[in-house]
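Worksheet for the structure shown next.
The values are calculated or read from the model by the stated rules, or taken from the named source; none is laboratory data. Please read these numbers as outputs of a predicted model, since none were measured by experiment. When we count neighbours, we look across all protein chains shown, and the Cβ atoms used for this are built from the backbone with ideal geometry, even at glycine.
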Amino acid sequence: MTFNFPRYILRETGHSMKRNPWLSIASVLTVMVSLIILGFSIFFLANATNVAQSFESQLEIAAFVKDDATADQVQTLQSRIQGMTGVSSVTIVTKEQALANFGKTMGGSQSNLVTDLGGTNPFPDKLTIKATNPQDVENLASAIQALPEIDIVRYGQGYVDKLLQFTKWLRWIGFGVVGAFTVASVVLISINVKMNVFSKRREIQIMKLVGASNGFIRWPFLIEGLTLGLLGGGLAALTVGMGYNWITMYVQSTLTFLPVVRNIVLFRQVLGGLLLAGMAMGAVGSGVSLQKFLHS
Amino acid sequence: MIQLRNVSKIYPNGARALVDVNLKIDKGEFVFLVGPSGAGKSTLIKLFYRDETPTRGQVQINGKNLVRMKEREVPYLRRSIGVIFQDFKLLPNKTVQENVAFALEVIGVSRKEVRTRTSNMLELVGLAGKENAFPTELSGGEQQRVCVARAIINNPALLVADEPTGNLDPETAWGIMDLLFNINKRGTTVVMATHARAIVNKMQKRVIAIENGRVARDEEMGGYGYDV
Ligand SMILES: Nc1ncnc2c1ncn2[C@@H]1O[C@H](COP(=O)(O)OP(=O)(O)OP(=O)(O)O)[C@@H](O)[C@H]1O
Ligand SMILES: [Mg+2]
């Protein structure tokens, strides 16, 4: 039977964690708390983006067609606008549909309506245009206004600007929060890992004096860092997962007007990401800080 | 086995620990290093296992030049040298058994062999029954014997001992000396720094006296000197 290095690594890791229980617990908690905050901040970003998007998706251009245009002309107009760059969809609301809609809101019957309105349908044909990029709304609107068949264009002039300002800020705040907490958790975790390794510098020095190679010393440290990181990341994923689930259910049932993100794919990605981040920071952090002591 | 040529060691703080030391120790010798405290004995010993490198001069162990040695070769050098440290250098989070076993694990000895050899060794240094104690739970003399056990367990070609009997009562000290003596008889070169006058005088081995970082005396079958 020869020396079994993997088994040695596992035994060393186990001993080390068991014999420094407070150090291990402190490490797990540091990773866990940092990643919980990071996890929630990512969901905050997702929701900020989502709110911004849902506001922006309500932005649309209403183009009213001149009265003398035929149905064919309206059709052509539709495909022509559809062909403009930056346009995502164009739908036609014919004057008959507009009248019917109006009737529905008024609650009257249609035949009476036309007579009540003076015998003619006063509604023009309307094209509803959505832009791929909300920033383009203003330019598109003026391009459409320039078309000869178009009478007037409305797109919430003056208010579009403010809305876009608001959504821009919302996004930046989201990114800022995630960025700040990413930096904070990396700093926090790496300080913790450094302190961990530092507290073992005497042991490392002794091991070297007794003839241990760098690899022999390194592996148990890496696996310990990885295990502690994995535990911290796992607990963080669990907390964030359950916490977010609970919060969004609560918001959905009480603040029904607020759109919340409940996307299972994103959910899995974030939780998996937290787990991986904990593991990677634990292992890589240990490796990097260990390197300094190994070569001194 | 050991050759030092014009070796000087000046520590970064300016302390001149060794000055122009020339020394040759052959394979199989048993050498006492004596001299007053602060003379440079520990510094000299540290050069052998490359804990320190000389500021000037050359150190050769077993034909290997330690000054030019690459960092990745150092572990192999250290595995061929058993060191009894003046301050023991036991691993605080390992038991007595694990501390001694560590010297075998780094050279890749199988688990089963590690177990039998460490328990034999602990018996030999009189630590049977203390296997599962941690270093902090041991007396100074017991810690020293753990260090001795770790140093000699893999039959090193060279054994360097920095005051290996410093914390022991005379009887235990002689027990350790018997161990070192036996190891030396089996071919291991032994260099031992000591202040133990009685031991040096009784053993009648080569004595090298260091004073102020220089070799002041080097005699075969010498005595401790510095008589009161
Ligand atoms: N790491 C160090 N940094 C700076 N100076 C040192 C260092 N180690 C030793 N010295 C100095 O070098 C000189 C020799 O020290 P050394 O430890 O070799 O003495 P020694 O002969 O072993 O003494 P003792 O018998 O007390 O163990 C002393 O003056 C000491 O202060
Ligand atoms: Mg000394």
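How many residues does region B:59-83 hold that are out of contact with any Gly (no Cβ under 6 Å at 6 or more places or on another chain) and either touching a residue at least 24 places away in the same chain (Cβ under 8 Å) or facing chain A (nearest Cβ under 8 Å) (or both)?
Let us first name the residues in region B:59-83 that are out of contact with any Gly (no Cβ under 6 Å at 6 or more places or on another chain), namely B:59-74, B:76-77, B:80-83.
Okay, now just the ones that are also either touching a residue at least 24 places away in the same chain (Cβ under 8 Å) or facing chain A (nearest Cβ under 8 Å) (or both), so B:59-62, B:71-72, B:74, B:76-77, B:80-83.
The total comes to 13.
Among the numbered criteria (1) within 17 Å of the chain's Cα centre (by Cα); (2) within 12 Å of ligand 2 (Cβ to nearest atom), which one does B:Pro36 miss?
Condition not satisfied by B:Pro36: (1).
Which ones in region B:39-66 are of a type outside the set (Lys, Arg), away from ligand 2 (no atom under 16 Å from the Cβ) and at pLDDT 95 or above?
Hits for region B:39-66 are B:Thr53, B:Pro54, B:Thr55, B:Gly57, B:Gln58, B:Val59, B:Gln60, B:Ile61, B:Asn65, B:Leu66.
Test each condition in (1) away from ligand 2 (no atom under 16 Å from the Cβ); (2) in contact with a helix residue (DSSP H, G or I) (Cβ under 8 Å, 6 or more places away or on another chain) for B:Asp162 and report the one that comes out false.
Failed condition: (1).
Give just the number: which of (1) under 18 Å from the mean Cα position of the chain (by Cα); (2) assigned to a loop (DSSP other than H, G, I, E, B) does A:Val265 not satisfy?
All conditions pass for A:Val265, except number (2).
Which number in (1) in a helix (DSSP H, G or I); (2) more than 14 Å from chain B (Cβ to nearest Cβ) marks the one condition that A:Gln205 misses?
All conditions are met except number (2).
Restricting attention to region B:8-22, does a residue exist that is surrounded by fewer than 14 Cβ atoms within 10 Å (Cβ to Cβ), within 13 Å of ligand 1 (Cβ to nearest atom), away from chain A (no Cβ under 14 Å) and of a type in the set (S, T, N, Q)?
yes
When you scan region B:84-173 for helices (runs of 4 or more DSSP H) that lie fully inside it, which ones turn up with 1 or more residues that are charged (D, E, K, R), at the interface with chain A (Cβ under 10 Å from one of its Cβ atoms) and surrounded by fewer than 19 Cβ atoms within 10 Å (Cβ to Cβ)? Before you say what the answer is, go through the steps one by one.
Details: elements: B:96-105, B:111-124, B:140-152.
Those helices (runs of 4 or more DSSP H) span B:111-124.
What single numbered condition from (1) β-branched (Val, Ile, Thr); (2) touching a helix residue (DSSP H, G or I) at 6+ places or on another chain (Cβ under 9 Å); (3) away from ligand 2 (no atom under 16 Å from the Cβ) fails to hold for B:Thr194?
Result: B:Thr194 passes all but (3).
Kindly evaluate B:Val34 against the criterion of being crowded, with 19+ Cβ neighbours inside 10 Å, within 24 Å of B:Lys89 (Cα to Cα) and at pLDDT 95 or above.
yes
Quick one: how many residues across region B:44-58 are without any contact (Cβ under 8 Å) to a residue 60 or more places away in the chain and away from every other protein chain (no Cβ under 14 Å)? Let's see the steps before the verdict.
So in region B:44-58, the residues without any contact (Cβ under 8 Å) to a residue 60 or more places away in the chain come out as B:46-47, B:50-58.
Filter again for away from every other protein chain (no Cβ under 14 Å), leaving B:54-58.
Looking only at that region, the number is 5.
Could you check region A:1-26 and list, in sequence order, the residues that are of a type in the set (A, V, I, L, M) and more than 9 Å from chain B (Cβ to nearest Cβ)? Steps first, please.
Initially, region A:1-26 is screened for residues of a type in the set (A, V, I, L, M), giving A:1, A:9-10, A:17, A:23, A:25-26.
Those that are of a type in the set (A, V, I, L, M) and more than 9 Å from chain B (Cβ to nearest Cβ): A:Ile9, A:Leu10, A:Met17, A:Leu23, A:Ile25, A:Ala26.
Only residues in region B:28-43 that are more than 14 Å from chain A (Cβ to nearest Cβ) count as the first member; pair them with residues that are acidic (Asp, Glu) and more than 8 Å from ligand 2 (Cβ to nearest atom), Cβ under 8 angstrom, at least 6 apart or cross-chain, and list the lot.
As it stands, the answer is B:Gly35/B:Glu211; B:Pro36/B:Glu211; B:Ala39/B:Glu211; B:Thr43/B:Glu52, since those pairs meet every condition given.
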